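Participant: Once you've had a glance at the structure underneath, I'll fire off some questions.
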Amino acid sequence: MTRAAVPGLPSRYPIGELLPALYADDDLAQRFTAGLDTVLAPVLSTLDNLPAYVDPALAPADFLPWLASWVGVEADPAWPVELRRAVVAHAVELHRWRGTRRGLVERLRLVCGVHAEVRDGGGATWSAEPGAALPPPPTGELLVRVWPVRAGDGADAVDAVDAHRVLEVAAASCPAHLTCRVEVLPGPPEEIGD
């Protein structure tokens, strides 16, 4: 899609009608201003519709990458248009939770359409008692367990989850010092038994 002159697009504000009455019947003035109207009509139309261009739900599809760059998110061009719109619309909220379990769970829900449970193998522990035994060393692994939004559909629902895509999203959010592993479950962990 291009933003160029649209053949026959009328101007909402014809210049010829704004001229003094002396020029209302002047053929040369009316033809000259009609030429200016042809050039200015797409500009005025764009300005009149500017709020639609900055609303991810209404913006033209080819405008979404530019909007995504405004909010610092990458929307994969291979994703469906509605998913790219949703990612751009929720980008600020996702940035607010970036680097947290909640942020990863929300991103996986939005981008991959799955529920997730995140078990972080890093971190620090403490004890209220001095001299207490040290906790076991961290596993060094970020475990992401996902299950389809529509749980209970058995193996078909598990097959519908794109584990590779889930791993890509999770690995992009995984701290550098941890490895990332994804498990695809048929339903929520409490239903299938940990």
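The values are calculated or read from the model by the stated rules, or taken from the named source; none is laboratory data. Predicted model only: the values in this text are computed from it and were never measured. Because the Cβ atoms are built from the backbone with ideal geometry, glycine has one as well, and the counts that use them run over all protein chains shown. Keep in mind that these areas ignore ligands, DNA and RNA; they rest on the heavy atoms of the full protein, side chains included. Shrake-Rupley method; radii C 1.70, N 1.55, O 1.52, S 1.80 Å.
Participant: Considering only residues that are surrounded by 10 or more Cβ atoms within 10 Å (Cβ to Cβ) and either at pLDDT below 90 or within 30 Å of residue 65 (Cα to Cα) (or both), which ones fall in segment 1-23?
Facilitator: If the condition is that a residue be surrounded by 10 or more Cβ atoms within 10 Å (Cβ to Cβ) and either at pLDDT below 90 or within 30 Å of residue 65 (Cα to Cα) (or both), then 3, 5, 6, 9, 10, 11, 12, 13 are the ones that fit.
Participant: Applying the selection to segment 64-78, what residues are open to solvent by 40 Å² or more (accessible area, probe 1.4 Å), among the hydrophobic types (A, V, I, L, M, F, W, C) and closer than 16 Å to residue 172 by Cβ?
Facilitator: 78 - this is the single residue of segment 64-78 that is open to solvent by 40 Å² or more (accessible area, probe 1.4 Å), among the hydrophobic types (A, V, I, L, M, F, W, C) and closer than 16 Å to residue 172 by Cβ.
Participant: Please enumerate the residues belonging to segment 22-50 that are assigned to a helix (DSSP H, G or I) and more than 16 Å from residue 12 (Cβ to Cβ). Before you say what the answer is, go through the steps one by one.
Facilitator: The initial filter retains those residues of segment 22-50 that are assigned to a helix (DSSP H, G or I), namely 22-23, 27-48, 50.
Within segment 22-50, 22, 23, 27, 28, 29, 30, 31, 32, 35 qualify.
Participant: Among the residues of segment 141-156, how many are open to solvent by less than 40 Å² (accessible area, probe 1.4 Å) and at pLDDT below 55?
Facilitator: Number of matching residues: 1.
Participant: Hey, another quick one. Among (1) touching a strand residue (DSSP E or B) at 6+ places or on another chain (Cβ under 6 Å); (2) surrounded by 17 or more Cβ atoms within 10 Å (Cβ to Cβ), which single condition is residue 56 missing?
Facilitator: (1)
Residues checked against (1) within 29 Å of residue 111 (Cβ to Cβ); (2) aromatic (Phe, Trp, Tyr):
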| site | (1), (2) |
| --- | --- |
| 19 | no, no |
| 23 | no, yes |
| 32 | no, yes |
| 38 | no, no |
| 53 | yes, yes |
| 63 | yes, yes |
| 79 | yes, yes |
| 83 | yes, no |
